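Comments concern the structure below.
The values are calculated or read from the model by the stated rules, or taken from the named source; none is laboratory data. Predicted model, so just to flag it, every value in this text is computed and none were measured. With ideal geometry, Cβ positions are generated from the backbone for all residues, glycine too; neighbour counts draw on all protein chains shown.
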Amino acid sequence: MLILNDENFNKEVEEADLPVLVDFFAVWCGPCQMAGPVIEELAKEYEGKLKVGKLDIDQNPEIAKKHQVMSIPTVLIFKQGEEIKRSVGFPGKEGYRKLIEEAI
Amino acid sequence: MKKSTSKFVYDLIIIGSGPAGLTASIYASRYKMRNLVLGKQAGGTIGLAHKVENYPGFVSISGLELMQKMEVQVERLGAEVFYDPAEDIKKTAEGFFQVTTDLGKSYLGKTLILATGTTRRKLGIPGEEEFLGRGVSYCTTCDAPFFKGKTVALVGGSDGAVSGAVHTAEFARKVYLIYRKDKLRAEPIWVEQAIANPRIKTIYNTNVLKIEGDKVVRKVMLDRPHEDSRELTLDGVFIEIGGIPGTSLAKIIKVALNEAGFVKVDQQMRTNVAGIFAAGDLTDFRPTFQQVVTVQAMGAVAAASAYQYLRKEQAPLQRGA
């Protein structure tokens, strides 16, 4: 899975052709530890249709701030650089799947 | 004549991975019951506590770490924990319970323990949903670090609220602890810490009516003035006002609830449905006191009761199967 940071975010997300799902997480956050593996599975499942990356909000506070991410886990889906979907908290695999299906 | 499903049948399926469910698994494994834990949130409610300082044997430990230790013990005793929450329960023709999960898997069990705890109670006020993740949060351990140097409100007066305020004050410049009653109901040891903390200001007898902002939270409206204003300017609102029992599965399988919506259990943690037991925050055993040690006791009793039930049901044929 793609590791995003303050430096590569623009290039990898805002200039991407495919829709991009970004998992905003931190290592201390319990629900993020559950969401991580689920998102990784979905990344494989949707390969070719969806680009998936994760961003550690501790290391990269600028991007989190820019997108008003103030709660983790938050998942955003971008299309042509625009945020089109947002999910806050851990909704389960089916919850994420629904979000993705609506976005792609 | 029969469906040729030679599918594995667990002695016990435990639904819920908090301290009640994991303790039930530990006891069940030691009774040599093949058991499976299906969880939604690692460690349940206590998994989100930043510090647990009343669990005997540990002077101070984070909720997540405490629950990880329990999970290690569960797995070492041979049980499995899957973070794939149960979505449906049916009784099969053979008399087993069939549990279907979020990922569409299904498992068979001879007995069930429902330990699904509670889900977070919402204030139900304007702005609460709109600003979720943009200043509104239900998890201080997850989100307090976003409010470094900022001003936040924490709504509630329980252990979760007051300990959450203490944790949040490690980051935020100012924490308003807003409670609808005139006295915090948390453990006095947490109350003392909150009151002594110069960054925490407690506002009693007050309700939050509305959360307002633009892209993110900017202020809340109170139902009575604080320092001459009903408007409080801030950057975030944490809501810690307890839980509502997670009984959607119980209802599906016709487990009886009390008037307040909690699962009715007897002293052996039996529900009204034969073979189904319940333990922890979702039961009517708990309403005033939600503690790791009390729900663990319920989990242990529920496992022992499930064992007794199985012994009667199938003795002596399949023992040790």
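Would you tally the residues in the range B:132-159 being more than 12 Å from chain A (Cβ to nearest Cβ), of a type outside the set (S, T, N, Q) and in contact with a strand residue (DSSP E or B) (Cβ under 9 Å, 6 or more places away or on another chain)?
Residues in the range B:132-159 being more than 12 Å from chain A (Cβ to nearest Cβ), of a type outside the set (S, T, N, Q) and in contact with a strand residue (DSSP E or B) (Cβ under 9 Å, 6 or more places away or on another chain): 5 in total.
From A:PRO37, A:PRO31, which residue is without any contact (Cβ under 8 Å) to a residue 24 or more places away in the chain, within 12 Å of chain B (Cβ to nearest Cβ), closer than 15 Å to A:TYR96 by Cα and not charged (D, E, K, R)? Walk me through how you get there before you give the answer.
On the way: A:PRO31 fails: without any contact (Cβ under 8 Å) to a residue 24 or more places away in the chain.
Every option except A:PRO37 fails the conditions.
Since B:TYR138 meets every condition but one in (1) buried (at least 17 other Cβ atoms within 10 Å of the Cβ); (2) in contact with an Asp or Glu (Cβ under 7 Å, 6 or more places away or on another chain); (3) not polar (S, T, N, Q), which condition does it not meet?
(2)
From B:GLY21, B:GLY39, grab the single residue that is within 11 Å of chain A (Cβ to nearest Cβ) and crowded, with 22+ Cβ neighbours inside 10 Å.
Details: B:GLY21 fails: within 11 Å of chain A (Cβ to nearest Cβ).
Just one listed residue meets the conditions, B:GLY39.
On the phi > 0 side of the Ramachandran plot and away from every other protein chain (no Cβ under 13 Å), is that true of B:GLY57? Walk me through it before giving the result.
Values: on the phi > 0 side of the Ramachandran plot: yes; away from every other protein chain (no Cβ under 13 Å): yes.
Taking the combined requirement at face value, the residue satisfies it.
Tally the residues that are within 14 Å of chain A (Cβ to nearest Cβ) and surrounded by 14 or more Cβ atoms within 10 Å (Cβ to Cβ), restricting the search to the range B:198-239. Spell out how you get there, then give the answer.
Narrowing the range B:198-239 to residues within 14 Å of chain A (Cβ to nearest Cβ): B:211, B:213-218, B:234-239.
Those still in the list that are surrounded by 14 or more Cβ atoms within 10 Å (Cβ to Cβ) too: B:211, B:213, B:216-218, B:234-239.
Residues in the range B:198-239 being within 14 Å of chain A (Cβ to nearest Cβ) and surrounded by 14 or more Cβ atoms within 10 Å (Cβ to Cβ): 11 in total.
Given the conditions (1) touching a strand residue (DSSP E or B) at 6+ places or on another chain (Cβ under 9 Å); (2) more than 8 Å from every other protein chain (Cβ to nearest Cβ); (3) of a type in the set (Lys, Arg), and given that A:ARG86 satisfies all but one, which numbered condition is not satisfied?
With (1) touching a strand residue (DSSP E or B) at 6+ places or on another chain (Cβ under 9 Å); (2) more than 8 Å from every other protein chain (Cβ to nearest Cβ); (3) of a type in the set (Lys, Arg) applied to A:ARG86, the lone miss is (2).
So the check is Cβ under 6 Å with 6+ separation or different chains; which pairs have a first residue in the range B:193-217 that's under 22 Å from B:GLY127 (Cα atoms) and a second one that's small (Gly, Ala, Ser) and assigned to a loop (DSSP other than H, G, I, E, B)?
B:LYS210/B:GLY127; B:ILE211/B:GLY127; B:GLU212/B:GLY127; B:VAL216/B:GLY135; B:VAL217/B:GLY135
Looking only at the range B:60-95, which residues are closer than 27 Å to A:ALA35 by Cα, β-branched (Val, Ile, Thr), without any contact (Cβ under 8 Å) to a residue 60 or more places away in the chain and more than 14 Å from chain A (Cβ to nearest Cβ)?
Start the filter on the range B:60-95 by keeping residues that are closer than 27 Å to A:ALA35 by Cα, which leaves B:60-89.
Narrowing further to those that are β-branched (Val, Ile, Thr): B:61, B:72, B:74, B:81, B:89.
Narrowing the set further to residues that are without any contact (Cβ under 8 Å) to a residue 60 or more places away in the chain leaves B:61, B:72, B:74.
Of everything in the range B:60-95, those that are closer than 27 Å to A:ALA35 by Cα, β-branched (Val, Ile, Thr), without any contact (Cβ under 8 Å) to a residue 60 or more places away in the chain and more than 14 Å from chain A (Cβ to nearest Cβ) turn out to be B:VAL72, B:VAL74.
Among the listed residues A:GLN59, A:GLN68, which satisfies the condition of being free of Cβ contacts under 8 Å to residues at least 12 places away in the same chain and over 29 Å from B:LEU38 (Cα atoms)? Can you show your working first?
Values: A:GLN59 fails: free of Cβ contacts under 8 Å to residues at least 12 places away in the same chain.
After ruling out the rest, the residue left standing is A:GLN68.
Could you please give the count of residues in the range A:51-62 that are more than 10 Å from every other protein chain (Cβ to nearest Cβ) and at pLDDT below 95? If you could, list the steps in order and put the result at the bottom.
The first filter runs over the range A:51-62 and keeps only residues more than 10 Å from every other protein chain (Cβ to nearest Cβ), leaving A:51-56, A:59-60, A:62.
Going one step further and asking which of them are at pLDDT below 95, we end up with A:59-60, A:62.
Qualifying residue count, the range A:51-62: 3.
Can you pull out the residues in the range A:48-104 that are touching an Asp or Glu at 6+ places or on another chain (Cβ under 6 Å), of a type in the set (Asp, Glu) and surrounded by 15 or more Cβ atoms within 10 Å (Cβ to Cβ)?
Matches in the range A:48-104: A:GLU94 only.
In this structure, does A:GLU45 turn out to be free of Cβ contacts under 8 Å to residues at least 24 places away in the same chain and within 13 Å of another protein chain (Cβ to nearest Cβ)? Don't jump to the end; show me each part of the working.
Details: free of Cβ contacts under 8 Å to residues at least 24 places away in the same chain: yes; within 13 Å of another protein chain (Cβ to nearest Cβ): yes.
Yes.
Residues of the range B:73-101 being under 14 Å from B:GLY16 (Cβ atoms) and part of a loop (DSSP other than H, G, I, E, B), which ones? Can you show your working first?
Initially, the range B:73-101 is screened for residues under 14 Å from B:GLY16 (Cβ atoms), giving B:74, B:79, B:81-87, B:89, B:99, B:101.
Answer for the range B:73-101, where residues must be under 14 Å from B:GLY16 (Cβ atoms) and part of a loop (DSSP other than H, G, I, E, B): B:ALA79, B:TYR83, B:ASP84, B:PRO85.
Just to verify a result, which residue in the range B:23-41, among those that are part of a helix (DSSP H, G or I) and hydroxyl-bearing (Ser, Thr, Tyr), is nearest to the chain's Cα centre (by Cα)?
Quick first cut of the range B:23-41, residues part of a helix (DSSP H, G or I) only: B:23-30.
Subsequent filtering for residues that are hydroxyl-bearing (Ser, Thr, Tyr) retains B:23, B:25, B:27, B:29.
Details: B:THR23: 14, B:SER25: 17, B:TYR27: 20, B:SER29: 23 Å.
Step by step, filter the range B:23-41, then rank; the result is B:THR23.
I want to confirm something. Restricting to the range B:106-156 and keeping residues that are over 22 Å from the mean Cα position of the chain (by Cα) and basic (Lys, Arg), which single residue is nearest to B:PHE277 (Cα to Cα)?
B:LYS110
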